[in-house]
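S.K.: Supplied in structure tokens, the structure appears directly below.
The values are calculated or read from the model by the stated rules, or taken from the named source; none is laboratory data. None of these values were measured; they are calculated from a predicted model. Virtual Cβ from ideal backbone geometry, glycine too; neighbours counted across all protein chains shown.
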Amino acid sequence: MQTIRRRVKDKCSRLVQLTARQARINPGFVSVVNDARSWLRAGWRRLDPARRTPRWPALTPVARHVERAVHLLDGAVPIPGTRLRVGLDPLFGLVFPGAGDAVGGIVSLGILFLAVQYRVPPGIIARMVWNAGVDAAVGGIPIVGDVFDFAWKANDMNFELLMRHRGDVSKRASLRYWLSVSGLVVLGIIAVAIPLAIMVWLAALAVKAMH
């Protein structure tokens, strides 16, 4: 991140220096370049989760890292002229088939474990498992899944559920609660792992058929 930001800053500075001669002919030219430089810096601040204002304050360091990962995957880039945002998850799926789904699945499981840590009710965790399962199942379909990821932001939905319902259950939860959430977490692991395993199996068959 720091290297990319430094490169953008250096290129903008060089651009201003190279257009100094042009400014003698057209004084408004440097003003346009400076406006473009400010726009690039503002866009970088939106993309860099460490520079933006946290949406959910008072989080543990682990939860904060998960929140940043969710932001990058599901809402890092705003669409100009709209309130919509897109993340890097569908782009990863297009460029690195399978790898993007694996990263999204790891984040999904991280949210589930945080839900247990924050004592989220079992009914809400069940909704989170459903969201993650649908994302893993449909998102694993080539092309169709990548388009689906633009609309179905499972990790963003699940993290919002986590924040809204954290602490709804007492810290001294009952045995019934632990049995329920343990089963749901296992179900979530299966829901995320099975589509990935099928994708790996199909990829192996395709490679074998090519040889």
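S.K.: Within region 148-167, can you find the residues that are modelled with pLDDT of 85 or more and part of a loop (DSSP other than H, G, I, E, B)?
M.R.: 152, 153, 166
S.K.: Being farther than 17 Å from residue 66 by Cα, modelled with pLDDT of 90 or more and surrounded by fewer than 19 Cβ atoms within 10 Å (Cβ to Cβ) narrows it down to one of 138, 134, so name that one.
M.R.: Of 138, 134, the one residue that is farther than 17 Å from residue 66 by Cα, modelled with pLDDT of 90 or more and surrounded by fewer than 19 Cβ atoms within 10 Å (Cβ to Cβ) is 134.
Let's see how each residue does on (1) free of Cβ contacts under 8 Å to residues at least 60 places away in the same chain; (2) loosely packed, with under 11 Cβ neighbours inside 10 Å:
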| site | (1), (2) |
| --- | --- |
| 163 | no, no |
| 169 | yes, no |
| 174 | yes, yes |
| 177 | yes, no |
| 183 | yes, no |
| 191 | no, no |
| 207 | yes, yes |
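S.K.: Filter region 93-106 for residues that are surrounded by fewer than 22 Cβ atoms within 10 Å (Cβ to Cβ) and in contact (Cβ under 8 Å) with a residue 12 or more places away in the chain and give the result.
M.R.: Of everything in region 93-106, those that are surrounded by fewer than 22 Cβ atoms within 10 Å (Cβ to Cβ) and in contact (Cβ under 8 Å) with a residue 12 or more places away in the chain turn out to be 94, 97, 98, 102, 103.
S.K.: Being touching an Asp or Glu at 6+ places or on another chain (Cβ under 9 Å) and at pLDDT 90 or above: is that true of residue 119 here?
M.R.: Spelling it out, residue 119 is indeed touching an Asp or Glu at 6+ places or on another chain (Cβ under 9 Å) and at pLDDT 90 or above.
S.K.: Residue 196 - would you say it is hydrophobic (A, V, I, L, M, F, W, C), in contact (Cβ under 8 Å) with a residue 24 or more places away in the chain and closer than 21 Å to residue 60 by Cβ?
M.R.: Spelling it out, it is not the case that residue 196 is hydrophobic (A, V, I, L, M, F, W, C), in contact (Cβ under 8 Å) with a residue 24 or more places away in the chain and closer than 21 Å to residue 60 by Cβ.
S.K.: Examine region 141-159 for a residue that is at negative phi, out of contact with any helix residue (DSSP H, G or I) (no Cβ under 9 Å at 6 or more places or on another chain) and not hydroxyl-bearing (Ser, Thr, Tyr), and state whether such a residue exists.
M.R.: yes
S.K.: Return the residues of region 137-147 that are farther than 17 Å from residue 88 by Cβ and either assigned to a helix (DSSP H, G or I) or basic (Lys, Arg) (or both); say none if nothing qualifies.
M.R.: 137, 138, 144
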